[in-house]
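One structure is given below, encoded as structure tokens.
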Amino acid sequence: MESSILESIGQEIIGVMSPVSLCMLLVVLLVYSLSDSNPFSSSSAPIRTAANLVYLENPSDTTAQKLEGALLNALVFVILIAIVTFVLVLLYYYNFTNFLKNYMRFSAFFVLGTMGGSIFLSIIQHFSIPIDSITCFLLLFNYTIVGVLSMFSGGMPIVLRQGYMVSLGIIVATWFTKLPEWTTWVLLVALALYDLVAVLAPGGPLKLLVELASSRDEELPALVYEARPTVSRNEGNPRSTLGLLVAGVSDSGSVELQAVSNNNVRRDGAENCRSPEYTAIQVRNLENVEGERNRDEGERSPLVGHSRERYSSDSNSSEYSTVIHNRESETSVDEEMSPLVDLLGMDNEREHERRDSVVASRGIKLGLGDFVFYSVLVGRAAMYDLMTVYACYLAIISGLGCTLILLSVCHRALPALPISITLGVIFYFLTRLLMEPFVVGMATNLMMF
């Protein structure tokens, strides 16, 4: 079971990289589309958020002032995140699970309703979409309510939940691109370092949270994107779907179906073959018991009754035979089970497949903050040039792939920000300071086109 990720590493990587790439793409499109609209225009005044409580960057400030103010903003923001995370860990440790769930519901409702609504109104104004206020309110209200229900209620399609998780990341990342440039880059590096310490260091808040959730065998009390691999439960036995369907047709015959299951018969036969008391009389008694039960309960379900008639006709035609030898000789049991028994048999192989599919269905979980800060980095790069966008995207995807490979080897929770953010920041400045002047100079001199 521990090698499930190793066996499907390609599928796992695609299942995580696809939503991350979609989130970054939509953030870049929003940054370009709303570049002339408030409140996301880079030329407008910076907004005051928790990420720039101490220092509000001004274009007239010197480089030293911008760097110092950005360091102070990043330090305060990381401290606030650490305090909030430790509070969440304490609440989860003392079983305030309902409070945490309601808090996450309110957070998702606030982000989708207010922050998402602001972006929605900006899109309507920028593209001059003809829509009245009542319709706009109804659409936004339905979008928000369905999002909260899909993320925190059971029975919802996993695709719908994943889609709303991606939309949450897009909304928050679009708002974070409003931060000043120096504060954004220093904040990204600081968050990558904090993520490394919080997940791997002893006593780290995220490490404690993951260990508590694992010890209780519960889901993480956080907004987490779950990339479930598409593992089919019917790959091992192509007839298992029909077997489950037949088993679910007649609820009244559940005891009877368990009695004739292939697993039970084979297991009983294997255990009894080890003892000398296992004789052909016991096999005949088993047939008599099943025949009496078939006659008594044959009218409960037409489907089961029809299958029992097939079983009796096959038994009369001597297709069900048993050959028994003594213990000293080689013991062999040659059974040709009836179609219903073979159809509904839950043997050991299918049990192993079921357990493997349950384990594999858990998939890789990626925190919503990883989506946000990946997209913030690409969105900030989009404010300069498309060449930096390509470089940062390739760097982030490469770092995420390295993190997933390490995850498949280590089999423990790993931070997803450090490698990707480090590569993204390095590639951004290398592309902006070195590659972009070189390519532009080559193109303007017609040496490369």
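The values are calculated or read from the model by the stated rules, or taken from the named source; none is laboratory data. Just so it is clear, the structure is predicted and the values come from calculations on it, not from any experiment. All Cβ positions, even for glycine, are placed from backbone atoms using ideal geometry, and neighbour counts span all protein chains on display. We work out accessible area using only protein heavy atoms, side chains counted, and drop any ligands, DNA or RNA first. Shrake-Rupley method; radii C 1.70, N 1.55, O 1.52, S 1.80 Å.
Points worth noting:
- Cβ crowding within 10 Å averaged over residues, with 381-391, 179-189 ranked highest first: 179-189, 381-391
- Listed by chain and number, the lysines whose C-alpha is less than 27 Å from the C-alpha of Lys101, apart from same-chain residues fewer than 8 away, are Lys207, Lys365.
- Local electrostatic count at Met165 - Lys and Arg +1, Asp and Glu -1, tallied over other residues with Cβ under 12 Å: 0
- Net dipole in debye of segment 24-147 [+1 Lys, Arg Cβ; -1 Asp, Glu Cβ; about Cα centre; nearest 20]: 380
- Residue (of Gly117, Ser214, Val172) at the positive-pole extreme of segment 95-214, dipole from beta-carbon charges: Ser214
- Distance from the C-alpha centroid of segment 16-30 to that of segment 65-132: 19 Å, rounded to the whole angstrom.
- Ranked packing of 119-132, 413-426, 367-380, 75-88, most packed first, by mean Cβ within 10 Å: 367-380, 413-426, 75-88, 119-132
- Percent of Cα pairs exceeding the 16 Å cut-off, where the set is segment 107-156: 43
- Excluding ligands, DNA and RNA, the accessible surface per residue across segment 128-184 is 49 Å² with a 1.4 Å probe.
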